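Q: First the structure, then my questions, so here it is.
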Amino acid sequence: MNNKSYDRITERIVSLLSQGTVPWHKPWHVQTGLPRNLITQKPYRGINVFLLMAMNYESPNWLTLRQANAMGGQIKPGEKSCPVVFWKPMQVKDKESGEDRKIPFLRLYHVFNVSQCTGLKNIPPADDAAFIQTLPAELVANMPQRPVIKLGMAMASYSPVSDVVNMPDHARFKSDDHYHATLFHELVHATGHETRLKRASIMERNGYGSNPYAKEELIAEMGSAFLCGYAGIVDRTINSSAAYLEGWLKSLKEDKTLIVHAAAQAQKAADFILGHKPEYPVEDIIPKISVPPKPAEVMA
C-alpha cells in the first residue's frame, strides 16, 4: 500500500473526527451484523468496518462498481464510493534465509452500498450465519489464555508486567454492557503480552504520551468495538469530548499509517479473544518497532 493510499484512508477518518464522529464508536446493526460484500457475503474486517459503518446505510451489503455492473446494475447518479483496503497475499523471497514466504500486500478499493445502486439482478440470499452473537460473559469465559481478572479494584487497567486485568465491581458501572465494554478494552491490551500476540505497542511502550502508547490505546478502543459488536453491545459509555477528538486528530496527522495499522492489530486482538484463526501473522502485517523493550507497569 503506497503513501497516497494511507493518506486517503487517514483523510477519511480525520474528516469524520473533525465533524465530531468517532468511527470506532459507531456500533454496527445488531440485526444485520458486520458490513459485508454482497457477492461473497464475507464480512469486511479491520479499518473497513469503521469506514463503512460511518456511511450510515441501513443495508450491510457493499460491492464494487465492477460487481454491480456484472449483476446488471448501475450506480445512481451523484453517488460517491467509500474506500476500503484489502490484504492480498504476495510471494516474496526472504533476504536472510532465501526462502519464499507469503506476505500480505495492502490494496485500495472503492465500494458502494446496495442502496446506491439500481437494477441489480440475481441478488444472492443473505447469509444468516455471517453474524452470530456471543453473550459478553461467554466471550470472556471462552478467551484462550485468558489473563487473571481481579475484581474490586479502584480502576480498570492492565499490567503487562504481572499480566493481570484489574476491574472495579459490576455495581460501579452504569450497566452490564458498560462493564463488559470496559473489560473488553483491557483484554485487548492483554492480547499484546509476550505469551500471546507479542504486540510491540505493549512490549515496547515508553509511557503516557508516547507514540506506542497512543497506538496501543487506539488498538484497545477499536478491539473493544469489534468485541462489542460480536456481543451485541450497543449501549455503552464512550468519550467523545473535544480533548479526546483533538488528541486523535493530532496523532493521526502525525502518523498517516497509524489508523490502518492499529485497526489491523485490533482485528487480530479481537480474533485472538474470540478464538478465530488469523488470516496472517501479525508480524507479517505490521512492521516491527525497533525500540528497546520497556513495558509499563499499568495500562488504563
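The values are calculated or read from the model by the stated rules, or taken from the named source; none is laboratory data. Fair warning: this is a prediction, and the values are worked out from it, not measured in the lab. Counting neighbours? That spans all protein chains shown, and the Cβs are built from the backbone with ideal geometry, glycine included.
Q: Give just the number: which of (1) within 22 Å of the chain's Cα centre (by Cα); (2) of a type outside the set (D, E, K, R); (3) surrounded by fewer than 19 Cβ atoms within 10 Å (Cβ to Cβ); (4) not in a helix (DSSP H, G or I) does VAL161 not satisfy?
A: (1)
Q: Among (1) under 23 Å from LYS121 (Cα atoms); (2) touching a residue at least 40 places away in the same chain (Cβ under 8 Å); (3) not β-branched (Val, Ile, Thr), where does ARG12 come up short?
A: (1)
Q: Of all residues being modelled with pLDDT of 95 or more and polar (S, T, N, Q) in region 124-154, which is farthest from ASP177 (Cα to Cα)? Just the residue, please.
A: Applying the filter and picking the extreme gives GLN145.
This table checks each residue for (1) modelled with pLDDT of 90 or more; (2) among the basic types (Lys, Arg); (3) surrounded by 15 or more Cβ atoms within 10 Å (Cβ to Cβ); (4) more than 17 Å from the chain's Cα centre (by Cα).
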residue	(1), (2), (3), (4)
ASN2	no, no, no, yes
THR10	yes, no, yes, no
GLY46	yes, no, yes, no
TYR57	yes, no, yes, yes
GLN91	no, no, no, yes
ILE103	no, no, yes, yes
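Q: VAL85 is checked against (1) under 20 Å from the mean Cα position of the chain (by Cα); (2) assigned to a loop (DSSP other than H, G, I, E, B) and fails just one. What number does that condition carry?
A: The failed condition is (2).
Q: Another question, then. Limited to region 51-65, what total is found for residues that are outside any strand (DSSP E or B) and farther than 19 Å from TRP24 by Cβ?
A: Of the residues in region 51-65, 3 are outside any strand (DSSP E or B) and farther than 19 Å from TRP24 by Cβ.
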